[in-house]
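Chemist: Sharing a structure with you now.
Nothing in this text is a laboratory measurement; each read-out follows from the coordinates by a stated rule. Since this is a predicted model, take the numbers as computed values, not measurements.
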Amino acid sequence: MSSPFRLVASDIDGTLIRTDGTLSPRTSDVLDRLYHRGVPTVLVTGRPVRWLRQLYDQMAEPLPAVCANGAVVYDPDTDEVLRAAPLDVDLLLDVTKKLREAVPDIALAVEVEDGRSFWYEEAWPMRWDGEHQSVRVLTTPEDLTSAPAVKLLARSATHPPDDFFALVSRTLGDVAEATHSSSSALVEISAAGVTKAAGLAWLCEREGLTAEDVVAFGDMPNDVPLLSWAGRSVAMGNAHPAVREVADEVTSTNDEDGVAAYLERLFDL
């Protein structure tokens, strides 16, 4: 029996890849078989463009990606950003002012140049890619808002993760889009209306597809808009409760190749 779905959309971390960052041979094989059947897969991730290489190096062919929680649509074959929806400078100024007033210990960073570069304040706890040439520390608050950003990131050293997300959401209201995909007090902020669902919807419309053509996988709250939009939504066995609540079905965990197992059944691979 043929599947009614014409496109697979998958989050990366906690979903498509294992906890150790590897793409399993089983998952790689499933994606390859889907490709040769004419069923494309799109990565829909909070990652910036510059963090895709770690996954692409494990693939036979790189997959198109909706990055930065929907703010960037990227074509790896041409290394081209097809669409970007950043927070402009005026919005960044407004949002950062609100956040600094509400959270005195806040530390901020921005993804700029369509996610190819990362700027952060001195107070930011740098944990990844600190040696990357496109990453630099900023010395003044004004530097942070000097260019449009596809994502603003906010951290607190004192708030519990869920409390911090709730506080940021209340503070910003409908001025910007706040979400989270971390177990720490880290909130990711995009321009209003920018979500994984919106980014993928743009790409699908470009390809003549609709939400009903899409089966989507995710594990964290930043995946909720995507899973709510897709024709069929699948939560990982390791998913956050908010993701399980909106999903149509639950598969096994990312470390158990849950995406591959589900796709094998769905497409009779």
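Chemist: For S169 and R33 in the same chain, what is the full-extension length gain: residue separation times 0.36 nm, less their Cα-Cα distance, in nm? Please report the intermediate quantities before stating the final value.
Modeler: Numbers: separation 136, 0.36 × 136 = 48.96 nm, distance 4.12 nm.
Full extension from S169 to R33 adds 44.8 nm.
Chemist: Let me ask something else. Over segment 89-191, what lengths in whole Å, largest first, do the semi-axes of the equivalent ellipsoid take, defined as the square roots of 5 times the eigenvalues of the alpha-carbon gyration tensor? Could you put the intermediate results ahead of the total?
Modeler: On the way: eigenvalues 78, 49, 31 Å².
Semi-axes from the Cα gyration tensor: 20, 16, 12 Å.
Chemist: Among all the aspartates and glutamates, which ones have a C-alpha under 12 Å from K97's C-alpha, if same-chain residues fewer than 8 places away are not counted?
Modeler: Qualifying aspartates and glutamates at Cα under 12 Å: E142.
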